[in-house]
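The values are calculated or read from the model by the stated rules, or taken from the named source; none is laboratory data. This is a predicted model, so every value here is computed, not measured. Methodologically, a virtual Cβ is constructed for each residue, glycine included, from the backbone with ideal geometry; neighbour enumeration extends over all protein chains shown. For accessibility, only protein heavy atoms count, side chains too; no ligands or nucleic acids. Shrake-Rupley method; radii C 1.70, N 1.55, O 1.52, S 1.80 Å.
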Amino acid sequence: MEKRISGTTGLFTLLGSPVGHSGSPAMYNFSFQQQGLDYAYLAFDVKKDQMPEAINALKLFKVRGSNVTMPCKTVAASLVDDLSPAAKIIGAINVIVNDNGKLTGHITDGIGFVRNLKENGVEVAGKKLVVLGAGGAATALQVQSALDGAEAISIFNQDDDFYQNAEQTKNKINEAKPEVEVNVYPLADQEKLKSEIVDADILVNATIVGMKPLDGQSLVDKSFLRKDLVVADTVYNPLKTKLIEDAESLGCTTAPGKGMLLWQGAAAYTLFTGKEMPTAEYQAYEAEQAKVKQ
Ligand code: NAD
C-alpha cells in the first residue's frame, strides 16, 4: 500500500462514529489498487457535533469524496451544497462527492437494496413490497423502491419513535410518486401483517431484529411465508438471519443484507470514480481472507 501513496494521491474518507469495524477502507483500497487509481481511503471517527468542521475539512483538503455513516447521515445532508433526488426526499446521505469544492450528497442504501434484488433475478418495478421497519435502512429502500416503480409498499413498525418516520415516508412518497400506494400499520397487528403478505411479491426485514445480539429471532411467523414470496433482509451480521433461513427452507428466492451492503458500496464507488467497482474480484479476495483467518 505505501508504494501507492504519493504526493498526488487523492483521498476518500469515511466519517461517522464508530468506524473502526467498517469494511469500507479494505473494499475501496482493494478496488483502487485493482484499477490502478491513485486514490486512498481512510476512516475518521467523527461525532455528530463535529460534522460542520469535518465537512469544511473535506473542502480544505480537497478530499475527493466521502462516505458518511451513523450517526452523521442526517446532519451531513443539512451541510452539503446539493442533494440527489433520493437524498432530498430521505433527508439523509451516505455519500458525498466533492466536485471542485461543491459537495453533493447522495444516498446509495436504497440503490444497493434494489441492485441486490436484481442480482437475485428480482425487479421492484410493478411489485408490492411489505417492509418491516422505519429507520434509516428502511426509509432509504422504501423511497428507492418507489422511485424505481414499485406498485405498493406496506410498512409495518413497532410502536416506538420510528413509527412517525413511516408516516412521514408515506407522505413524502405520496408527494414524489403519487401513483405508489403506501400504507403504514402497527407491527403488533399480526392479522394485518399476515393478510398484507398474502398478496405481496417481496417481504423485507429492515429492522435490527435478526442482527446480533437479536440473532436467531424473526418478526415474521414462518407460516406467513410461501415459496413464491421473495424475502430480503438488510441485516448482514449474521450473513443469514432466521428470516432468511426460514425463507430458504421453503424454497423462496432470498436477498440477504450482505449483498445490499456490497452494492450500496459499489454504487458509491461509481459516484466516486465513474467506474464499476471490481465486486467479483473483491468478493473472491474477501473469501480468501476469511479462509486465512480460520
Ligand atoms: P435504525 O436504528 O435507523 O432503525 C431500527 C429499526 O428497527 C426501526 O424501524 C425500529 O422500530 C426497529 N426495531 C428495533 N428494535 C425492534 C424490535 N425489538 N422489534 C421490532 N422492530 C424493532 O437502524 P438502521 O440503520 O435502519 O439499520 C437496520 C438494520 O439494517 C441493521 O441491522 C443495519 O445493520 C442494517 N443495515 C444494512 C445496510 C446494508 O447495506 N445491508 C445498510 C444500512 C443498515
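Quick one: is Gly101 at pLDDT 95 or above, at positive phi and open to solvent by 20 Å² or more (accessible area, probe 1.4 Å)?
For Gly101, the condition - at pLDDT 95 or above, at positive phi and open to solvent by 20 Å² or more (accessible area, probe 1.4 Å) - is met.
Would you tally the residues in region 208-217 being of a type outside the set (S, T, N, Q) and either more than 10 Å from the ligand (Cβ to nearest atom) or open to solvent by 60 Å² or more (accessible area, probe 1.4 Å) (or both)?
Here the count works out to 6.
For region 71-82, enumerate the residues that are in contact with a strand residue (DSSP E or B) (Cβ under 6 Å, 6 or more places away or on another chain) and closer than 22 Å to Glu167 by Cβ.
If we filter region 71-82 for residues that are in contact with a strand residue (DSSP E or B) (Cβ under 6 Å, 6 or more places away or on another chain), which is where we start, we get 72, 76-77, 80-82.
Across region 71-82, the qualifying residue is only Ala77.
Any residue at all in region 270-289 that's in contact with a His (Cβ under 9 Å, 6 or more places away or on another chain) and either of a type in the set (Asp, Glu) or assigned by TED's automatic domain parsing to the domain that holds Arg64 (or both)?
Scanning region 270-289, I find at least one residue that is in contact with a His (Cβ under 9 Å, 6 or more places away or on another chain) and either of a type in the set (Asp, Glu) or assigned by TED's automatic domain parsing to the domain that holds Arg64 (or both), so the answer is yes.
Please determine, by comparing only the residues of region 97-146 that are under 29 Å from Thr13 (Cα atoms), in a strand (DSSP E or B) and in contact (Cβ under 8 Å) with a residue 24 or more places away in the chain, which one is nearest to the ligand (Cβ to nearest atom).
His106
From the list Val220, Val235, which residue is near the ligand (Cβ under 10 Å from one of its atoms), closer than 27 Å to Trp263 by Cα and in a loop (DSSP other than H, G, I, E, B)?
Val235
Scan (1) hydrophobic (A, V, I, L, M, F, W, C); (2) within 16 Å of the ligand (Cβ to nearest atom); (3) not assigned by TED's automatic domain parsing to the domain that holds Ser66 for the single condition Ala266 breaks and write down its number.
Looking at each condition in turn, Ala266 falls short on (3).
How about region 238-260: which of its residues are farther than 16 Å from Gly133 by Cα and not in a helix (DSSP H, G or I)?
Pro238, Leu239, Lys240, Leu250, Gly251, Cys252, Thr253, Thr254, Ala255
Could you tell me which numbered condition Val130 fails, if it satisfies all but one of (1) surrounded by fewer than 19 Cβ atoms within 10 Å (Cβ to Cβ); (2) of a type in the set (Val, Ile, Thr); (3) more than 16 Å from the chain's Cα centre (by Cα)?
Here Val130 meets the rest and fails (1).
Quick check, is Thr253 more than 15 Å from the ligand (Cβ to nearest atom), within 26 Å of Gly210 (Cα to Cα) and under 22 Å from the mean Cα position of the chain (by Cα)?
Against the criterion (more than 15 Å from the ligand (Cβ to nearest atom), within 26 Å of Gly210 (Cα to Cα) and under 22 Å from the mean Cα position of the chain (by Cα)), Thr253 qualifies.
For the structure I just gave you, tell me whether Gly16 is small (Gly, Ala, Ser), touching a Pro at 6+ places or on another chain (Cβ under 9 Å) and not assigned by TED's automatic domain parsing to the domain that holds Gln144.
Here the answer is yes, as Gly16 does meet what is asked.
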